[in-house]
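*Asks:* Once you've had a glance at the structure underneath, I'll fire off some questions.
The values are calculated or read from the model by the stated rules, or taken from the named source; none is laboratory data. Computed from a prediction, not measured in an experiment: that's the story for all the values here. Using ideal geometry, Cβ is built from the backbone for each residue, glycine included, and neighbour counts are taken over all protein chains shown. When the accessible area is computed, the model is the full protein with side chains, heavy atoms only, and any ligands, DNA or RNA have been set aside. Shrake-Rupley method; radii C 1.70, N 1.55, O 1.52, S 1.80 Å.
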Amino acid sequence: TRVYQTADGPVRALGGVSLDVTAGEFVAVRGPSGCGKSTLLTIVGGLGMPTSGHVVVGGEDLVAMGPAARARFRAERVGFVFQMFHLLPYLTVLENVVAAALPGTRASARQRGRELLERFQLSDRLRHRPAELSTGERQRVAIARALINRTRLILADEPTGNLDAESSEAVLQILAGFQRDGGTVLLVTHQEQAAAYAGRPVLLRDGLLQSNETGGPTAPAGTSTGPA
């Protein structure tokens with residue numbers, strides 16, 4: 001559950017969501033704007049905390065961690081991909097990717113960064129800055145940055161929201177390839193094209209998780225909605 005306190009009173013963003021995602025799954029959470037999708041993703045990634053409940057990722061309870069431990073968890077275990085890319089404008093493409101590397105790994109990270117950018121067809125853009133790239137290229141750089149620490153979990157928040165159809169397809173193919181290689185993807189989107197890549201789509205409405213795209217609400221919080 002996540003409730004925000006506002007001047008007009010409490011606002012419930014999540015009203016008791018229970019969701020299990022198995023390692024190696026590609027799950028897409030769909031729903032209209034304001035339904036709680038981004039709130040759910042930030043809580044799973046440890047960027048925010050629930051008002052009540054538990055968040056267990058890879059066997060670790062994020063709610064039980066202190067802020068420093070959660071920051072370390074995010075750096076080591078989670079790759080974030082956002083709609084707005086969040087690239088540093090004064091760094092080159094390669095520098096943006098390597099900037100996310102764990103301390104003590106920067107030397108090897110440069111080689112891995114080059115390999116990722118080559119895989120994503122950006123080897124001729126290493127010295128370019130974000131303003132010199134198309135929106136699709138910027139998102140591919142952001143995905144390379146998310147993978148620099150060899151994470152096995154990607155949390156993607158509307159990653160195709162600012163892209164044309166062709167660029168969206170390229171980004172979704174990359175995420176699908178990551179999943180085929182054994183990675184786990186939790187994607188939030190309002191786009192059918194993006195959700196179609198998921199092995200399991202779920203629907204969020206008014207802070208409540210639906211059992212499927214057309215069904216009713218899931219079981220109450222604390223019960224399982226899928227394999228552990």
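*Asks:* Quick one: in segment 118-152, which of the residues that are in a loop (DSSP other than H, G, I, E, B) and of a type in the set (Lys, Arg) is nearest to residue 57 (Cα to Cα)?
*Replies:* Checking each candidate, the answer is 152.
*Asks:* Take the residues in segment 178-194 that are at pLDDT 90 or above and farther than 17 Å from residue 78 by Cα; name whichever of them is surrounded by the most Cβ atoms within 10 Å (Cβ to Cβ).
*Replies:* Checked segment 178-194; the qualifying residue surrounded by the most Cβ atoms within 10 Å (Cβ to Cβ) is 189.
*Asks:* Something else now. Given the structure, is residue 208 touching a residue at least 24 places away in the same chain (Cβ under 8 Å), of a type in the set (A, V, I, L, M, F, W, C), open to solvent by 40 Å² or more (accessible area, probe 1.4 Å) and more than 20 Å from residue 98 (Cα to Cα)?
*Replies:* Taking the combined requirement at face value, the residue satisfies it.
*Asks:* Would you confirm, using the coordinates I've provided, whether residue 38 is of a type in the set (Ser, Thr, Tyr), open to solvent by 30 Å² or more (accessible area, probe 1.4 Å), under 30 Å from residue 133 (Cα atoms) and not in a loop (DSSP other than H, G, I, E, B)?
*Replies:* yes
*Asks:* Taking segment 75-129 as the search range and keeping residues that are touching a Pro at 6+ places or on another chain (Cβ under 6 Å) and more than 17 Å from residue 151 (Cβ to Cβ), which one is surrounded by the fewest Cβ atoms within 10 Å (Cβ to Cβ)?
*Replies:* Restricting to residues being touching a Pro at 6+ places or on another chain (Cβ under 6 Å) and more than 17 Å from residue 151 (Cβ to Cβ), the top hit is 89.
*Asks:* Let me ask something else. Going by what's in this entry, would residue 110 be described as modelled with pLDDT of 90 or more and of a type in the set (Lys, Arg)?
*Replies:* Spelling it out, residue 110 is indeed modelled with pLDDT of 90 or more and of a type in the set (Lys, Arg).
*Asks:* Return only the number of the condition from (1) surrounded by 13 or more Cβ atoms within 10 Å (Cβ to Cβ); (2) modelled with pLDDT under 90; (3) over 17 Å from the mean Cα position of the chain (by Cα) that residue 223 does not satisfy.
*Replies:* (1)
*Asks:* Among the residues of segment 64-74, which ones are open to solvent by 50 Å² or more (accessible area, probe 1.4 Å) and either assigned to a loop (DSSP other than H, G, I, E, B) or touching a strand residue (DSSP E or B) at 6+ places or on another chain (Cβ under 9 Å) (or both)?
*Replies:* Correct list: 74 only.
*Asks:* Looking only at segment 1-40, which residues are free of Cβ contacts under 8 Å to residues at least 24 places away in the same chain and of a type outside the set (Asp, Glu)?
*Replies:* Within segment 1-40, 4, 5, 6, 7, 9, 10, 11, 34 qualify.
*Asks:* Also, quick follow-up: Restricting to segment 41-63, what's the tally of residues that are assigned to a loop (DSSP other than H, G, I, E, B), among the hydrophobic types (A, V, I, L, M, F, W, C) and open to solvent by less than 40 Å² (accessible area, probe 1.4 Å)?
*Replies:* 1
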